[in-house]
Amino acid sequence: YASMIMEISGDVPEKRNKHAQVIVEEADRLTSLVSDVLDLSKISSGIDGLKLTTFDMSAYLSEILDRFGYLRDTQGYVFETEIEEELYTRADELKIGQAVYNLIGNAVNYTGADKKVRVSLKMVSETEFRFAVTDTGAGIKPEEIPTIWDRYYRSAETHKRPVKGTGLGLSIVKTVLEKHGFVFGVESERGKGSTFYILFPAAPPQNNFA
């Protein structure tokens, strides 16, 4: 990239640094896009089959939230959590982690000026519990709701996008959850934010085997 930067920017250090950063960011974006496309293709085709285990979703969700700690510490994001302890499910842990991470990242990207994101994990019946992530953003237009799970969907709403993405995030979420047969969806009202949710089948902790 060095010769390319010199040709575009000349000997001005500020321009060189700026253009170098743009090139790095674009390379990262393209790498992320390729990775997401490969993930989606493998999951959709069944090549990357589900590896089912019984695991503590409560503890796993806390680990996933820790990955967003840098946004709390450096950009003032607030993560309000209500997580019931020791809620176990049987699923592909890595794929579910990817889906949950994408949903939280989506909420971060579209939340309002207060930078608040609410995350909950609670029992809703004797046999299932509900994960939900809520932002305080502008909400989703009713006509867009049927298409938000499509590939390359991107809301026209202005947002800063501190979590980089390719537009495939929700499509991967949909593919992962459909492979599991889990119920999922979104509730949204214009001007009042959006809530994305997943219903997990509860599993007994003592059945913690691969």
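The values are calculated or read from the model by the stated rules, or taken from the named source; none is laboratory data. All values derive from a computational prediction rather than experimental measurement. Methodologically, a virtual Cβ is constructed for each residue, glycine included, from the backbone with ideal geometry; neighbour enumeration extends over all protein chains shown. Heavy atoms of the whole protein, side chains included, go into the accessibility calculation; ligands, DNA and RNA do not. Shrake-Rupley method; radii C 1.70, N 1.55, O 1.52, S 1.80 Å.
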Measure of exposure for residue 72: accessible area at 1.4 Å probe, Å² rounded to 10, is 130 Å²
Working out 0.36 nm times the residue gap between residue 59 and residue 190, then minus their Cα-Cα distance, what length gain in nm do you get to one decimal? 43.9 nm
Want the number for residue 75 to residue 141: 0.36 nm per residue separation, take away the alpha-carbon distance, what's left? 21.0 nm
In Å³ per residue, the alpha-carbon convex hull of region 44-99 encloses 95 Å³
Env charge @ residue 104, Cβ radius under 13 Å, K,R +1 / D,E -1, value 0
Quick one: ranking 52, 87 by accessible area, 1.4 Å probe, largest first, what do you get? 52, 87
